[in-house]
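The values are calculated or read from the model by the stated rules, or taken from the named source; none is laboratory data. Predicted model only: the values in this text are computed from it and were never measured. Neighbour counts are summed over all protein chains in view; Cβ atoms, including those assigned to glycine, are modelled from backbone coordinates with ideal geometry. All accessible areas refer to the heavy atoms of the entire protein, side chains included, with ligands and DNA or RNA removed. Shrake-Rupley method; radii C 1.70, N 1.55, O 1.52, S 1.80 Å.
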Amino acid sequence: MRQVIAQRLTQSFRDTPHFYVTVAVDMTGLMACRSQLKAAGAPYTVTDFIAEAAVLTLQEFPEMNSSTDGKTTRWNSRVNLGIAVSLEQGLVVPVVRAAEHLPLLELSQRTKSLAEKARAGKATPDELSGGTFTISNMGMMDVESFGAIINPGESAILAVASTKPQPVVRDGKIVVRQMMKLTLSCDHRIVDGALGAKFTNAIKQKLEDIELWKRLAA
């Protein structure tokens, strides 16, 4: 497994010109919303909300759901969402296929099921391949921010850091909010800086839109 990881990521970092965009997301409202949903019996994780926000945004920015070999570009009609899962032996990326057709609850259930299969060593090759965009969440690892390496065959990967209470300025006053940093790694052959910034901020806006989550989680 380590050999495969080394080969694929070395190839990606060597052949793909990476650049990075980082935004800070105010998760205060969403964390409160999640607590209410959990109390009502809907155990959504932070990853579930980020995954749904990414799927919605990928449909708005199809360039981010494409790939290139440096000569031609492949446009993907489906959002096959990869969620990185850490194992003792290394890292695997189960793929939720056609994620754009799944409501939030089904996306959550499918993500959890694939992660459990991967940790048990039961994920099939088909379930570990064919991704068009990947999310790597280290929020549970107490990290400020990080940049991930793009999986070969994709144009970007989203790195999710920990949500932490931090002082921020709101209406000219310093207040404490639950803040989380997202870092998007992009393939500069197909994605320019402005597009990467717009895409990342579109995910941020969705995560901060509590009315959106009330509708999707209903």
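Data table
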{"item": "Over 18 Å between alpha carbons, listed pairs 38/214; 164/204; 117/214; 181/206; 181/214", "result": "117/214; 181/214"}
{"item": "Extension gain from residue 106 to residue 73, taking 0.36 nm per residue of separation minus the Cα-Cα distance", "result": "8.8 nm"}
{"item": "Expected 222 nm ellipticity per residue - DSSP helices of 4 or more, -39500 (n - 2.57), all of the chain, to 500", "result": "-11500 deg cm²/dmol"}
{"item": "Sorted peptide list for 103-116, 174-187, criterion being average Cβ within 10 angstrom, highest first", "result": "174-187, 103-116"}
{"item": "Relative contact order (%) - criterion: Cα under 8 Å, at least six apart; region: the chain", "result": "30 percent"}
{"item": "Accessible surface of residue 97 - all protein chains present, 1.4 Å probe, nearest 10 Å²", "result": "90 Å²"}
{"item": "Order by protection proxy (mean Cβ within 10 Å, highest first), peptides 124-136, 151-163", "result": "151-163, 124-136"}
{"item": "Accessible surface, the chain, averaged per residue in Å² (probe 1.4 Å)", "result": "51 Å²"}
{"item": "Accessible area of the range 102-188 belonging to carbon and sulfur atoms, whole % at 1.4 Å probe", "result": "55 percent"}
{"item": "Residue 19-residue 39 FRET efficiency (beta carbon distance; Förster radius 41 Å; 0.05 resolution)", "result": "0.50"}
{"item": "FRET efficiency, 1/(1 + (r/R0)^6) with R0 35 Å, evaluated for residue 32 and residue 124 via beta carbons", "result": "0.35"}
{"item": "Distant-in-sequence amide H partners of residue 25 (H built 1.01 Å from N, under 5 Å)", "result": "180, 181, 182"}
